[in-house]
Amino acid sequence: MPFTLWAAATYVNDYPAAVTACVPAGGDVDTTAAIVGGILAAHTGIGSGAGVRGVPAEWLAAREELPDRVRG
């Protein structure tokens with residue numbers, strides 16, 4: 001948990017950099033990236049602007065569709 005808070009604070013305005021910083025750190029990379037991504041998504045949003053780099057459109061386009069039973 002301390003690493004995820006450090007990564008989120010260090011890259012607070014750069015969602016892609018924060019998430020990719022989890023890879024070389026090793027360990028449970030998918031979980032740490034998910035935690036960091038969740039923390040920063042609320043702050044950065046989608047796209048870029050005003051010095052903030054949010055979730056890249058390419059990343060959103062590459063997501064898998066949720067099953068109908070999960071969608072509201």
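Condition check: surrounded by 10 or more Cβ atoms within 10 Å (Cβ to Cβ) and either among the small types (Gly, Ala, Ser) or at negative phi (or both). Does residue 42 satisfy that? Let's see the steps before the verdict.
On the way: surrounded by 10 or more Cβ atoms within 10 Å (Cβ to Cβ): no; either among the small types (Gly, Ala, Ser) or at negative phi (or both): yes.
For residue 42, the condition - surrounded by 10 or more Cβ atoms within 10 Å (Cβ to Cβ) and either among the small types (Gly, Ala, Ser) or at negative phi (or both) - is not met.
Please indicate, with yes or no, whether at least one residue in region 45-52 is in contact (Cβ under 8 Å) with a residue 12 or more places away in the chain and in a helix (DSSP H, G or I).
Step one: list which residues in region 45-52 are in contact (Cβ under 8 Å) with a residue 12 or more places away in the chain, which gives 46, 51-52.
Then keep just the ones that are in a helix (DSSP H, G or I); that gives none.
No, region 45-52 contains no residue that is in contact (Cβ under 8 Å) with a residue 12 or more places away in the chain and in a helix (DSSP H, G or I).
Can you list residue pairs whose Cβ atoms sit under 7 Å apart, with the first residue in region 53-72 being within 24 Å of residue 20 (Cβ to Cβ) and the second being in a strand (DSSP E or B)? Count only pairs 6 or more apart in sequence or on different chains.
Short answer, once both residue conditions are applied: 53/14; 54/46; 54/48; 55/46; 60/46.
Does region 21-32 contain any residue that is in contact (Cβ under 8 Å) with a residue 24 or more places away in the chain and either touching a Ser or Thr at 6+ places or on another chain (Cβ under 9 Å) or hydrophobic (A, V, I, L, M, F, W, C) (or both)?
yes
Being touching a helix residue (DSSP H, G or I) at 6+ places or on another chain (Cβ under 7 Å) and part of a loop (DSSP other than H, G, I, E, B) narrows it down to one residue among 70, 12, 19, 36; which is it?
12 is the lone residue from the list that is touching a helix residue (DSSP H, G or I) at 6+ places or on another chain (Cβ under 7 Å) and part of a loop (DSSP other than H, G, I, E, B).
Quick check on residue 4: is it surrounded by fewer than 12 Cβ atoms within 10 Å (Cβ to Cβ), among the β-branched types (Val, Ile, Thr) and in a helix (DSSP H, G or I)?
no
Laboratory data are not the source of any read-out in this text; all were calculated from the coordinates shown. Keep in mind the model is a prediction, meaning the values are calculated, not measured. Positions of Cβ are backbone-derived with ideal geometry, glycine not excepted, and every protein chain shown enters the neighbour counts.
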